[in-house]
Amino acid sequence: MTEKVIAVQELSKDFSLGKHKSIHILKNISFSAASNDFISIVGPSGSGKSTLLKCLSGLLRPTNGSISIDDMDPYQLSPSQTAKMRRTTLGFIFQSYNLVPALPVFENIVLPLRLAGKQVNRASVEQLLKKLNFTADMDSFVTTLSGGEQQKVAIARVLVTHAKIIFADEPTGAVDANSKKIIFDCLRTLADNGACVIMVTHDIELAAMTDRSLVLRDGQLIKRLTNPTASEILAEIERG
Ligand SMILES: Nc1ncnc2c1ncn2[C@@H]1O[C@H](COP(=O)(O)OP(=O)(O)OP(=O)(O)O)[C@@H](O)[C@H]1O
Ligand SMILES: [Mg+2]
């Protein structure tokens, strides 16, 4: 049985540019997603994909509209409820990784577990990194890593939490073809095991392997494609 875990209605987001000026970045976006769903969000640079993920995950308050995440509005929660939701329900893989530079790889990965007061198991993190084909030292500082290696640390940090809803912003943007496949397979396995995975990507081939693609253009959700093909997605993105 799948369970609806995300419901978004008429979501819009404006950014204010000085006193009397604002820009409309997201416009009337509505969709829902369930457990076991693997959804891709595609669209040109600047179309609002990262902004949408941030609004959905409680990081950026929308200007209008309603959002329900696991039956809760992330913007109506108390600070402690918000913290709990971030620890237990949501995982966010940031486009810019958001790693803690002062901490080594291992501590970055287990940070959410430490914050949640959960047990930390070095061997299972080792195993996870091996699966991700991460070859650098677990005790090295993240600032010494390549972009692709940092991306894998950001992914491992979410994978250890067993989050119910995973937002992944360009999770394969910095890695080679082999690692891309490994990361995609990890996300697919999470969805198959009951998570809801929402992945922003510029990679059309990857998007075509998800269950549904949402196509954004100029902040509008212009198309929803079920079991999309690469050429269908491309045609929608390129439609002027
Ligand atoms: N805090 C902000 N203030 C003003 N404008 C912003 C802010 N954050 C984002 N924007 C603007 O919103 C638009 C959408 O940005 P967003 O990062 O969501 O795009 P994107 O689709 O993720 O692009 P990319 O594919 O390049 O990552 C851009 O024009 C960006 O400049
Ligand atoms: Mg982005």
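No lab work stands behind these numbers, since they all come straight from the coordinates. Computed from a prediction, not measured in an experiment: that's the story for all the values here. Using ideal geometry, Cβ is built from the backbone for each residue, glycine included, and neighbour counts are taken over all protein chains shown.
Working only within region 12-26, note down all residues that are closer than 30 Å to R188 by Cα and more than 12 Å from ligand 1 (Cβ to nearest atom).
S12
Keeping to region 93-142, report how many residues are assigned to a loop (DSSP other than H, G, I, E, B), farther than 23 Å from K164 by Cα and not hydrophobic (A, V, I, L, M, F, W, C).
Let us first name the residues in region 93-142 that are assigned to a loop (DSSP other than H, G, I, E, B), namely 94-103, 116-121, 132-140.
This time we only want the ones that are farther than 23 Å from K164 by Cα, so: 100-103, 133-140.
Now restrict to residues that are not hydrophobic (A, V, I, L, M, F, W, C): 101, 133, 135, 137, 139-140.
Here the count works out to 6.
Out of L190, L216, I need the residue that is out of contact with any Phe, Trp or Tyr (no Cβ under 8 Å at 6 or more places or on another chain) and assigned to a strand (DSSP E or B). Which one? If you could, list the steps in order and put the result at the bottom.
Numbers: L190 fails: assigned to a strand (DSSP E or B).
Sole residue among the options that is out of contact with any Phe, Trp or Tyr (no Cβ under 8 Å at 6 or more places or on another chain) and assigned to a strand (DSSP E or B): L216.
Can you tell me which residues in region 65-105 are within 16 Å of ligand 2 (Cβ to nearest atom) and either basic (K, R) or crowded, with 16+ Cβ neighbours inside 10 Å (or both)?
Once the filter is applied, which keeps residues that are within 16 Å of ligand 2 (Cβ to nearest atom) and either basic (K, R) or crowded, with 16+ Cβ neighbours inside 10 Å (or both), region 65-105 yields F92, I93, F94, Q95, Y97.
Matching residues to (1) surrounded by fewer than 18 Cβ atoms within 10 Å (Cβ to Cβ); (2) more than 19 Å from A34 (Cα to Cα); (3) among the charged types (D, E, K, R); (4) more than 16 Å from ligand 1 (Cβ to nearest atom):
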| residue | (1), (2), (3), (4) |
| --- | --- |
| T172 | no, yes, no, no |
| V175 | no, yes, no, yes |
| N178 | yes, yes, no, yes |
| I183 | no, yes, no, yes |
| L187 | no, no, no, yes |
| V197 | no, no, no, yes |
| V200 | no, no, no, no |
| T210 | no, no, no, yes |
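Could you please find all residues in region 35-66 being at negative phi and over 15 Å from the mean Cα position of the chain (by Cα)?
Within region 35-66, P44, S45, S47, R61, P62, T63, N64, S66 qualify.
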